[in-house]
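The values are calculated or read from the model by the stated rules, or taken from the named source; none is laboratory data. Note that this is a predicted model, so its numbers are computed, not measured. Cβ placement follows ideal geometry from the backbone for every residue including glycine, while neighbour counts extend to all protein chains displayed.
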Amino acid sequence: MSVHPDGRWHLFVASAGSLLSNNAVFIWPQGSPVPTPAARREALADLGYQGAAGAEWEWCEAYPAPDHDTTNVELIASLTVQPTGQEGGARRTGERTCEGSF
């Protein structure tokens, strides 16, 4: 999950080896506050996923221009998920790393 430059929060389920454009995506309206854990659960459910057993959201910051401390920081969250109603087969949301730009 990350905030897009236009201010909208995006939650996507990343699949190994696929383009971001091919992944399941949920987008909150522009100007929405940081989605609550309940809102994130609902978005995942809408996409057919749920958090894996024991999984917790992990947050980090990415610096698109690390040498310039005046650039906006990109806030990224990730969670291990699985298809709704299934055990195993876990995937991560937001497979982007917090190193460099993306």
- Message: Going by what's in this entry, would A52 be described as over 12 Å from the mean Cα position of the chain (by Cα), of a type in the set (A, V, I, L, M), surrounded by 16 or more Cβ atoms within 10 Å (Cβ to Cβ) and modelled with pLDDT of 90 or more?
- Response: yes
- Query: Restricting attention to region 62-76, does a residue exist that is modelled with pLDDT under 75, outside any strand (DSSP E or B) and crowded, with 16+ Cβ neighbours inside 10 Å?
  - Reply: no
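Results for (1) modelled with pLDDT under 80; (2) within 12 Å of the chain's Cα centre (by Cα); (3) closer than 20 Å to E74 by Cα, shown as yes or no for each residue.
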{"residue": "P5", "(1), (2), (3)": "yes, no, yes"}
{"residue": "L11", "(1), (2), (3)": "no, yes, yes"}
{"residue": "A24", "(1), (2), (3)": "no, yes, no"}
{"residue": "I27", "(1), (2), (3)": "no, yes, yes"}
{"residue": "G31", "(1), (2), (3)": "no, no, yes"}
{"residue": "P35", "(1), (2), (3)": "no, yes, yes"}
{"residue": "R40", "(1), (2), (3)": "no, yes, yes"}
{"residue": "D46", "(1), (2), (3)": "no, no, no"}
- Kindly check whether there is at least one residue in region 18-27 that is surrounded by fewer than 16 Cβ atoms within 10 Å (Cβ to Cβ) and touching a Gly at 6+ places or on another chain (Cβ under 7 Å). no
